[in-house]
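Everything on this sheet refers to the single structure shown next.
Just so it is clear, none of the values below were taken in a lab; they were calculated from the coordinates. The model shown is predicted, which means the values in this text are computed figures rather than measured ones. Counting neighbours? That spans all protein chains shown, and the Cβs are built from the backbone with ideal geometry, glycine included.
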Amino acid sequence: MSDFAATPYTPVVVRGDDAEHLPEIDHILLADASATDGALSAHRIRLARDANGAVPHRHDHSSEVFFIVDGALDLLVDTEILTARPGDFLVVPPRCDHAFRAHPGSTADALIMITPGVERFEYLRQVARIRRGDADRDSLLGEQDRYDTHFVTSAVW
């Protein structure tokens, strides 16, 4: 049994209207690791038609979980590109390269969780600032260990 599973924490309820929205990257922030005593971090993506989601990366200490609510999401998983559709569920294990984007011609709506949790909301806010042009893309390079998000290159993505 993992350490966080034995530690109770206050139930987490996030009302949709109260969740922080980052329109620049189509993310809705639900619960960061601090809210779940490290059990998980969760956010939702609602990608516009043909929109990019995340560049190729890996997490060394956490699994990333995807549940597709609507539309279609292309996911890089190691060296394979999978198309996930409503009801599909995918767990990307630690140290596995991955990325995601809306499938060509489609929108995508998905719940994404990282477990065990990592404080990621500030990382996602920085990505939004980069998209707005308020920060440089390289500003995240020195933060890869802090957010357990390590950028990689992919020949197939």
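As an exercise: evaluate I28 against (1) within 14 Å of the chain's Cα centre (by Cα); (2) in contact (Cβ under 8 Å) with a residue 24 or more places away in the chain and give the number of the one condition it does not meet.
(2)
From the residues in the stretch 106-143 that are out of contact with any helix residue (DSSP H, G or I) (no Cβ under 6 Å at 6 or more places or on another chain) and of a type in the set (G, A, S), which one is farthest from P94 (Cα to Cα)?
Applying the filter and picking the extreme gives G133.
Which members of the stretch 76-85 meet the condition of being crowded, with 20+ Cβ neighbours inside 10 Å and closer than 14 Å to H59 by Cβ? Talk me through it step by step, then tell me what you get.
Taking the stretch 76-85 as the starting set, the residues that turn out to be crowded, with 20+ Cβ neighbours inside 10 Å are 76, 84.
Once the filter is applied, which keeps residues that are crowded, with 20+ Cβ neighbours inside 10 Å and closer than 14 Å to H59 by Cβ, the stretch 76-85 yields only L76.
Is it the case that T149 is loosely packed, with under 15 Cβ neighbours inside 10 Å and β-branched (V, I, T)? Give the steps one after another, and end with the answer.
Details: loosely packed, with under 15 Cβ neighbours inside 10 Å: no; β-branched (V, I, T): yes.
For T149, the condition - loosely packed, with under 15 Cβ neighbours inside 10 Å and β-branched (V, I, T) - is not met.
Which is touching a Ser or Thr at 6+ places or on another chain (Cβ under 6 Å) and among the aliphatic types (A, V, I, L, M), of V91, V77, V69? If you could, list the steps in order and put the result at the bottom.
Values: V77 fails: touching a Ser or Thr at 6+ places or on another chain (Cβ under 6 Å); V69 fails: touching a Ser or Thr at 6+ places or on another chain (Cβ under 6 Å).
When all the criteria are applied, what remains is V91.
Counting residues that are among the β-branched types (V, I, T), within 29 Å of P8 (Cβ to Cβ) and in contact (Cβ under 8 Å) with a residue 24 or more places away in the chain, which strands (runs of 3 or more DSSP E) fully inside the stretch 35-154 reach at least 2? Explain how you work it out, then say what you get.
Values: elements: 41-47, 52-58, 63-71, 73-77, 80-84, 89-92, 98-102, 108-115.
Qualifying strands (runs of 3 or more DSSP E): 63-71, 89-92, 108-115.
Can you pull out the residues in the stretch 86-121 that are over 14 Å from I45 (Cα atoms) and either small (G, A, S) or exposed (fewer than 14 other Cβ atoms within 10 Å of the Cβ) (or both)?
G87, F89, V91, P93, P94, R95, P104, G105, G117
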